[in-house]
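Only one structure is covered here, and it is reproduced in the block below.
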Ligand SMILES: C[S@@+](CC[C@H](N)C(=O)[O-])C[C@H]1O[C@@H](n2cnc3c(N)ncnc32)[C@H](O)[C@@H]1O
């Protein structure tokens, strides 16, 4: 085996067979820019969708030898060994490398298990034992993720490394951040973390990483945010990789937009990593879907930090009260009585089920069920996601 990297941009790769193996391999070939031609009477739906989107060309028929013309690489992935052998032999004659799905040892090319991270690619082979190759790839990936695999750069990265990364940390459990989010936290020199961000992620960071606890910055509310932005920009301009870690998704009542604007205005490159918002995660964690076929086709995420009669509110409470969609209320504990009364006055059924999920995705997670009519008397404490609508009924 002689490992080699192939530049496939614009080069034809012939894939014969549209089943499981083609389904797994074709996306990566497309990612590499290959001109993929699929020959198969039938194909997985996902491959059909790629053909419909003109990401590849699909000939809906059996293989014929002329299909090999112009190909740089062939993947013989039919479920008929005889056909794969025939393709392989014809490819050999034409001096085209051929990967076989059925018998790697009879093939002229093998596909490694591949992992990619931060400009690095690891490709592993294990004599005819693809699971072993995948296990090694995963072991390397785990060490990358844990940050204990050292691979210093000796050349500048092709792309400038963004100085600030705005990371949605998910609803609280360290397992519910995205893979990209977790990697970005581990790659940071400075982490500015909010109160509702997954704190467990910070425990594993090396001592030299500066952790700024945004919840403890001792000013009033507005100044908090100004000071956070100031610190974020200051550290980034000093050449530090800054991770701004927030609870849920930073762009859902998370002031992420302001931070994006401020950093951009200061000439700092920003990367945004979305997170799983508590608006969706909290109901899901107690088995409440926010939409349901035949029951409700819309949901609205609302900030309840201002009472419905507050002149500053931007929420159209009349429309919400008159509709039948699910209402997902964040920051709604303080004004819950007024909000429930307003919804009932505007037409929502007083019997509408309500579920409040408190401290979601933590060991303290608690849920309370009520009806819209009596939810104001329920034992609901902050932070809570309050779901109002038919979907909140006990299943
Ligand atoms: C300022 S908002 C931030 C929302 C966040 N960006 C998100 O996408 O989840 C804070 C509110 O989010 C809700 N929240 C966030 N995390 C929560 C959790 N773990 N459990 C319950 N509610 C949560 C509460 O309604 C809380 O008052």
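Among the residues of segment 1-23, just one is part of a helix (DSSP H, G or I) and touching a strand residue (DSSP E or B) at 6+ places or on another chain (Cβ under 7 Å), namely 22. Does residue 310 fit the bill of being under 21 Å from residue 377 (Cβ atoms), more than 16 Å from the ligand (Cβ to nearest atom), part of a loop (DSSP other than H, G, I, E, B) and without any contact (Cβ under 8 Å) to a residue 40 or more places away in the chain? No, not satisfied. One residue alone among 295, 290 is more than 15 Å from the ligand (Cβ to nearest atom) and touching a helix residue (DSSP H, G or I) at 6+ places or on another chain (Cβ under 7 Å), and that residue is 295.
Among 143, 153, 95, which is part of a loop (DSSP other than H, G, I, E, B) and free of Cβ contacts under 8 Å to residues at least 24 places away in the same chain? Within the list 143, 153, 95, the selection yields 95.
Would you confirm, using the coordinates I've provided, whether residue 185 is in contact (Cβ under 8 Å) with a residue 40 or more places away in the chain and not assigned by TED's automatic domain parsing to the domain that holds residue 383? Yes; evaluated as a whole, the condition is true for this residue.
Is it the case that residue 138 is within 16 Å of the ligand (Cβ to nearest atom) and either touching a strand residue (DSSP E or B) at 6+ places or on another chain (Cβ under 7 Å) or at pLDDT 90 or above (or both)? Lay out the reasoning, then the answer.
Values: within 16 Å of the ligand (Cβ to nearest atom): no; either touching a strand residue (DSSP E or B) at 6+ places or on another chain (Cβ under 7 Å) or at pLDDT 90 or above (or both): yes.
Answer is no for this residue.
Condition check for residue 344 on (1) away from the ligand (no atom under 16 Å from the Cβ); (2) modelled with pLDDT of 95 or more; (3) assigned to a loop (DSSP other than H, G, I, E, B); (4) farther than 23 Å from residue 277 by Cβ: one failure, at (3).
Could you list all residues from segment 266-304 that are part of a loop (DSSP other than H, G, I, E, B) and surrounded by 15 or more Cβ atoms within 10 Å (Cβ to Cβ)?
Of segment 266-304, the ones part of a loop (DSSP other than H, G, I, E, B) are 266-269, 274-277, 286-291, 293-295, 297-298, 304.
Result: 266, 268, 274, 275, 276, 277, 286, 288, 289, 290, 304.
Within segment 218-239, residues that are closer than 18 Å to residue 264 by Cβ have Cβ atoms under 7 Å from residues that are modelled with pLDDT under 90 and not in a helix (DSSP H, G or I) in these pairs: 228/217; 236/163, counting only partners at least 6 apart in sequence or on another chain. Just so you know, in segment 107-135 the residues that are under 21 Å from residue 74 (Cβ atoms) and at pLDDT below 90 include one that is surrounded by the most Cβ atoms within 10 Å (Cβ to Cβ), and it is 130. Of the candidates 320, 260, the single residue that is away from the ligand (no atom under 16 Å from the Cβ), touching a strand residue (DSSP E or B) at 6+ places or on another chain (Cβ under 7 Å), at pLDDT 95 or above and assigned to a helix (DSSP H, G or I) is 320.
The values are calculated or read from the model by the stated rules, or taken from the named source; none is laboratory data. None of these values were measured; they are calculated from a predicted model. With ideal geometry, Cβ positions are generated from the backbone for all residues, glycine too; neighbour counts draw on all protein chains shown.
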